[in-house]
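Down below is the structure, laid out as structure tokens.
The values are calculated or read from the model by the stated rules, or taken from the named source; none is laboratory data. Note that the coordinates shown come from a computational prediction; the quantities given were computed from them, not determined experimentally. Don't worry about glycine lacking a Cβ; one is built from the backbone with ideal geometry, like all the others, and counts go over all protein chains shown.
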């Protein structure tokens with residue numbers, strides 16, 4: 001199992017692979033209520049992850065920011081359901097990070113979905129149009145049979 005520990009305000013990643021000083025990597029949160037204080041600690045340098053700079057921590061305030069950011073990245077690592085869905089929908093490489101508790105069931109479902117539909121274009125180009133056509137056909141039958 002993976003462990004992350006905080007010792008002397010430095011994050012030690014346990015048996016996760018070490019992070020190299022990679023300026024192309026950013027850590028993003030979309031939840032100021034849950035992550036705001038921790039992100040502030042990272043941005044001010046109070047907490048540190050070895051090899052990661054303070055400016056690599058970003059707090060998003062609007063969903064549009066998440067859409068824009070996700071469009072411009074290749075890989076997404078997330079422990080949250082909706083960013084994972086968005087990233088998969090946009091055709092990104094998605095790695096779901098393990099959680100404890102009830103939220104894990106959502107991630108398990110998303111993992112299964114991504115395995116069953118590895119190409120998100122199938123959903124966009126085939127499944128969604130077919131579903132809407134069935135709705136239109138049903139609606140048409142209802143109105144013509146009354």
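How many residues does the stretch 37-86 contain that are in a strand (DSSP E or B) and closer than 23 Å to residue 109 by Cα? The total comes to 4.
Just to verify a result, which residue in the stretch 28-37, among those that are at pLDDT 85 or above and buried (at least 16 other Cβ atoms within 10 Å of the Cβ), is nearest to residue 77 (Cα to Cα)? Taking the candidates together, the pick is 28.
Of all residues assigned to the stretch 125-141, none qualifies as being loosely packed, with under 13 Cβ neighbours inside 10 Å and part of a loop (DSSP other than H, G, I, E, B). For the stretch 87-111, the set of residues classified as out of contact with any strand residue (DSSP E or B) (no Cβ under 7 Å at 6 or more places or on another chain) and assigned to a loop (DSSP other than H, G, I, E, B) consists of 90, 91, 98, 99, 100, 101, 102, 103, listed by residue number. Of all residues in the stretch 55-72, exactly one satisfies the criterion of being more than 12 Å from residue 28 (Cα to Cα) and in contact with a helix residue (DSSP H, G or I) (Cβ under 8 Å, 6 or more places away or on another chain), namely 67.
Scanning the stretch 82-119 for residues that are surrounded by fewer than 16 Cβ atoms within 10 Å (Cβ to Cβ) and within 12 Å of residue 30 (Cβ to Cβ) turns up just one, 82. Of all residues in the stretch 96-108, those satisfying the criterion of being out of contact with any helix residue (DSSP H, G or I) (no Cβ under 8 Å at 6 or more places or on another chain) and modelled with pLDDT of 90 or more are 105, 108. Taking the numbered list (1) surrounded by 14 or more Cβ atoms within 10 Å (Cβ to Cβ); (2) within 20 Å of residue 75 (Cβ to Cβ); (3) modelled with pLDDT of 65 or more in turn, residue 43 passes all entries but (2).
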